[in-house]
Amino acid sequence: MERPHQNVEEDLQVLEAKINQLKREYEQYFLGTRPREPVLLAGEVRTTMARLTNSPFQNTALKFKFSSVCSRYQAYNRQWQDTLRKIERGTYERHLFKAELHGQAPSRAPRSETDAAGRPEEIYAAYVEARRACGQDVENLTPARLRAVLKQQERTFRKRCGEDTDVRFRVVVEDGRAKLKASRRADGSAS
């Protein structure tokens, strides 16, 4: 008669093999040799992990092995999701490299720029909108926090450029990230 932990051990071996196969298929997808994302295999891996998560482990060694396999999968999954977000935004390095080889390189200049000099509420609205568009977190961003950041940047900018410098701020998207840029209001030279 087969003991229950042998079934769990076999399931762990199958899960590990599927994760390794999934890793290879994602690498092929990101290299462009596979036409579609391996969603079916990813679904199988998630289903197997959910089933094993709900099964009781009698053997501590098997429980540890399952935990380490889950941790490895989570690390891979974070990396895959990050790469997929870069592909969606058009900032994935391999795609940019290929585009440059074929003479179709996108402009590396900022995608957008919003001038909202002297109007904190407009800077806040533009900054929140730009962060959302870039997939950055806006949950803890408040107008008060942004004002504090702007005041600090203004002090730093004036120390470099002179205390009487008139400062303006712009919201700029560079390399897929929203940023605040300070510059002189009179001549418009960037910081």
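The values are calculated or read from the model by the stated rules, or taken from the named source; none is laboratory data. Quick caveat: nothing in here was measured; it's all calculated off a predicted structure. Cβ: placed from backbone, ideal geometry, glycine included. Neighbour counts: every protein chain shown.
Quick check on this structure: which one of Lys65, Lys86 is part of a helix (DSSP H, G or I), within 30 Å of Leu22 (Cβ to Cβ), modelled with pLDDT under 85 and assigned by TED's automatic domain parsing to the domain that holds Leu12?
That would be Lys86, the only listed residue that is part of a helix (DSSP H, G or I), within 30 Å of Leu22 (Cβ to Cβ), modelled with pLDDT under 85 and assigned by TED's automatic domain parsing to the domain that holds Leu12.
For segment 16-39, how many residues meet the condition of being loosely packed, with under 11 Cβ neighbours inside 10 Å and in a helix (DSSP H, G or I)? Within segment 16-39, residues that are loosely packed, with under 11 Cβ neighbours inside 10 Å and in a helix (DSSP H, G or I) number 3.
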